[in-house]
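K.L.:
Starting off with a structure, shown below.
Here, each number is a calculation from the coordinates, and none is a lab measurement. Just so it is clear, the model here is predicted, and its values are computed rather than measured. Note that each Cβ is placed from the backbone with ideal geometry, even for glycine, and that neighbours are counted across all protein chains shown.
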Amino acid sequence: MGERDMMKATKKVIELIGEGLEIGMSIMIIAVILIMSFYLVTEVFADPKALRDSKAFMEILETILNFAIGIELIRMLIRHTMNDVIEVLILALSRHMVVTSQNAAESLIQVLAIAVLFAVRRYLLLHRKDIPDHCDTVQIRTSERNDIDEKTEDG
């Protein structure tokens, strides 16, 4: 086994470990969300009058928005797309705006940040449907050419 083959095998093992850790983290996040959802539902049914209190309502709203961010985080860990990263950032900023009290300047900065994230997602990210069909073929041909080049170097 050559040095290049050893490097490829090492990279593959590291990738598999990374994927396993990501799946494990996703499972833990799902478990926490389910457990916390159960506690939230039991808390609301135990004292429905607490929802009339604005402080209690804001705490419940904060928890629900944290769940939404957790779900988006799971999607981000599994799919690895820039679009998912931007969605998590938008949700986190939105949650912070809703839950915390801030002055007008801070609110304006957060609104502008969310607008920039929406603009980036809309105008700068390529969506799968926007990529021409021939790009996949070009990428495959390039990787095939690289494999051929590696075989000729090795042998």
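K.L.:
Would you please give the FRET efficiency between THR100 and ILE14, computed as 1/(1 + (r/R0)^6) with r the Cβ-Cβ distance and R0 = 41 Å, to the nearest 0.05?
P.N.:
0.55
K.L.:
Further, regarding this structure: Can you sort HIS80, HIS96 from fewest to most other Cβ atoms within 10 Å of each residue's own Cβ?
P.N.:
HIS80, HIS96
K.L.:
Expressed as a rounded percentage, what relative contact order does segment 1-94 have, with Cα pairs under 8 Å and six or more residues apart?
P.N.:
Computed value for segment 1-94: 29 percent relative contact order.
K.L.:
I'd like the distance between the alpha-carbon centres of segment 16-46 and segment 110-126, rounded to an integer number of Å.
P.N.:
Each part's Cα centre sits 29 Å from the other's.
K.L.:
Could I ask something else about it? Each residue of segment 14-19 in order: what ³J(HN,Hα) in whole Hz does its phi give by Karplus 6.51 cos²θ - 1.76 cosθ + 1.60, θ = phi - 60°, with x for Gly and Pro?
P.N.:
Couplings: 5, 4, 5, 5, x, 5 Hz.
K.L.:
Cut-off is 10 Å between beta-carbons; in what order do LEU117, LEU108 appear when sorted fewest neighbours first?
P.N.:
Ranking LEU117, LEU108 by Cβ neighbours within 10 Å, fewest first, gives LEU108, LEU117.
K.L.:
First select every other residue whose beta carbon is under 14 angstrom from the beta carbon of GLU59; then total the charges, Lys and Arg +1, Asp and Glu -1.
P.N.:
Result for the local shell: -1.
K.L.:
Go ahead and run the numbers for FRET between VAL111 and ILE71, Cβ-Cβ distance against an R0 of 35 Å, rounding to 0.05.
P.N.:
FRET efficiency, VAL111 to ILE71: 0.90.
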